[in-house]
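What follows draws every value from the coordinates through simple rules; no lab data is involved. For clarity, every value in this text was computed on a predicted model and none was experimentally measured. As a convention, Cβ positions derive from the backbone with ideal geometry for all residues, glycine included, and neighbour counts pool all protein chains shown.
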Amino acid sequence: MVAPAAAADVARSGHNEMGALVAEARDGDRGAFDALVRRTWADTYSLAFRLTGNAEDAREVCQEAYLRAFRGLRRFRGDARFTTWLYRITANCASTQLGRRRRHRHEELGEDLELNDLSPSVDPVGRSESASLRDAVQRALAALPPKLRAVVVLRDIYDLSHEVIAAELGISVSAAKVRLHRARHRLRDDVLLRSEVEGSSNDDVDRPAM
Amino acid sequence: MTMLTVLPCDRLAEVMPDLLDDPELLSPTDAAHVSQCLRCQAEMARFRRLRRMLLNLREQPIAADPELLEEILAGLDSAAERRARHRIAGRRAASIMGLAAATAAGVGGVLVLATRRRSA
């Protein structure tokens, strides 16, 4: 097991390497930008998938996000992490993509989230959460309306601030907070209350007749 | 006539999700209530657990088709080529414009000289 201090060192050196690659890419080194893509694409795809709720849209969002990042790299000031900057671009692309989908299809997305991604968590507390509960969270997230899902994914999974979320989704900060409030309530109902109710009904079944 | 009063638990249940971001929303009176109320404590624990579960999803990447990486890199190649072509076209345009400007200046100069000689 990796000690926390050693893990922090690894994270720091990884961050420094990313910083060096970003600097080289900004100076026009295409190879450095490709290296950044190779390091971040899986994470970017995960975010895109969680925001859009389907693989097809996630692919498009992912490609568009890297094109925008490539074009706008000179504008990246470096006061935030490259990954955070990329999350913002991805969120913006996903918002555009979902808007386009709504205009074309007039339907809510995200009813068929595939659950093919469950690698074990590095957090010991998270690891102790049952796999079925993790699946339930993924399903509940996928079932949220896209507008609510976007906010809760960006805030509670990717830890972006209310201000950043509002800016990238093109809404006010108070609207972002209201959506987050609703999303958390729905997730709590769909995941935790349901599991508590199911747990207690199983207890009733298991209990021997008096 | 009966007066309907909102119990602290019902009122607090409404702000529980927001407390995850801003614990200061809980007044000292409400905090004192929560410390004595099992219902509110359970509700608060649910939202904290939910947040923890969501945060853990970050460590569980969604499996992507490996071909996507190649598609992204190919898209970047095309964008880089387009950018290079635009730069070359821009430089050519600038050169042509410069040449045209120099030619126009030269012709203008010759015309001015010719006009002066005639008038002299």
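Worth pointing out:
- Label-to-label distance, nm, for residues given as residue B:101 and residue A:76 (7 Å Cα→Cβ offset): 3.6 nm
- Distance between the modelled labels on residue B:15 and residue B:78, one decimal in nanometres: 5.3 nm (7 Å Cα→Cβ projection).
- Diffusion coefficient (Stokes-Einstein, Kirkwood radius over C-alpha pairs, 10 °C, 1.306 mPa s) for region B:1-62: 121 µm²/s, rounded to a whole number.
- Remark: relative contact order (chain B) = 18 percent; criterion is Cα-Cα distance under 8 angstrom and separation of 6 or more residues.
- Rounded FRET efficiency, nearest 0.05, which uses the C-beta distance separating residue B:25 from residue A:172 and R0 of 25 Å: 0.85
- Dimensions in Å of chain B - Rg and Dmax from alpha carbons: 37.2, 114
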